[in-house]
1. Just how large is the dipole of the chain about the Cα centre, in debye to the nearest 20, putting +1 at every Lys and Arg Cβ and -1 at every Asp and Glu Cβ?
2. Select from segment 1-96 those GluC sites (Glu not before Pro) which occupy a DSSP coil region and have at most 15 other Cβ atoms within 10 Å, ordered by residue number.
3. As I understand it, the dipole of the chain uses +1 on the Cβ of Lys and Arg and -1 on the Cβ of Asp and Glu, about the Cα centre. Which of 12, 84, 26 lies farthest toward its positive end?
Amino acid sequence: MDYPLQPVHQDQVAESLHPDRWSKDLVTAASGATGGFSLGVAEYTSETFGPVQVHDDQEAVYVVSGRGEMKLGDKVFPVRPGSAAYIPRGMAHATRRTGAEPVKVVYAHGKP
């Protein structure tokens, strides 16, 4: 393998800014991931749902901190630390905070 197989800290990765959150892709093809796998971290800072996200792959999300709501399709669910969700390919989804702190999540993507 020609990839730098070493841990990466989120402080080493530039953030992508969005209307409702920031995100950082931590593990990607550039760091050696294969099969369309990636892993990242995001913080949802908005009290309102931002633009819905729809992906061509499947996603899993794990809530690390904060309290909020996750919209999956047309249903809204409360989330808090320890909550996890599976999001199938093509499903519209969004997250917002309902507490004082942002909702911080770890997310992973992969081919179905």
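Each reported figure results from applying straightforward, stated rules to the coordinates on display, with no laboratory input. This one's a predicted model, so the numbers in the text were calculated from it and none came from an experiment. Quick reminder, even Gly has a Cβ in these numbers, built from the backbone with ideal geometry, and neighbours come from all protein chains shown.
1. Using only the charged Cβ atoms, the result is roughly 360 debye.
2. In loop regions of segment 1-96 (DSSP not H, G, I, E or B), the sparsely surrounded GluC sites (Glu not before Pro) are 15, 47.
3. About the Cα centre, the residue reaching furthest to the positive side is 84.
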